[in-house]
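Here is the structure we will look at.
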Amino acid sequence: MKKLTVEITSPPDREELVAEIWDENQMIAEINQESKILKLEFYTNEKLIKVDYDSFLMALIEAKEKLIVEG
């Protein structure tokens, strides 16, 4: 099982930090907190992306924890 990685970034078009979820060299999702409620956005490039459920769930938990601590 390959591990997804989480990067906390501060994009210029966002007021708050975002958590990017990466599958190797492709960003597959972003969690943002622009409205003070966490929103999840998926990026597909019009192709099917398959990821391990447990790995994705762990990445979501990690992203939430990092945003709460760093935000």
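Looking at (1) in contact with a helix residue (DSSP H, G or I) (Cβ under 9 Å, 6 or more places away or on another chain); (2) open to solvent by less than 100 Å² (accessible area, probe 1.4 Å); (3) modelled with pLDDT of 80 or more; (4) not small (Gly, Ala, Ser), which is the only condition Glu62 fails?
So the condition that Glu62 fails would be (1).
Being in contact with a strand residue (DSSP E or B) (Cβ under 8 Å, 6 or more places away or on another chain), surrounded by fewer than 15 Cβ atoms within 10 Å (Cβ to Cβ) and closer than 17 Å to Lys3 by Cβ is the filter here; which residues of the range 28-55 pass it?
Ile49
The values are calculated or read from the model by the stated rules, or taken from the named source; none is laboratory data. In this text, all values refer to a predicted model and were calculated from it rather than measured experimentally. Note that each Cβ is placed from the backbone with ideal geometry, even for glycine, and that neighbours are counted across all protein chains shown. Heads up: the accessible areas ignore ligands, DNA and RNA and are worked out on the full protein's heavy atoms, side chains in. Shrake-Rupley method; radii C 1.70, N 1.55, O 1.52, S 1.80 Å.
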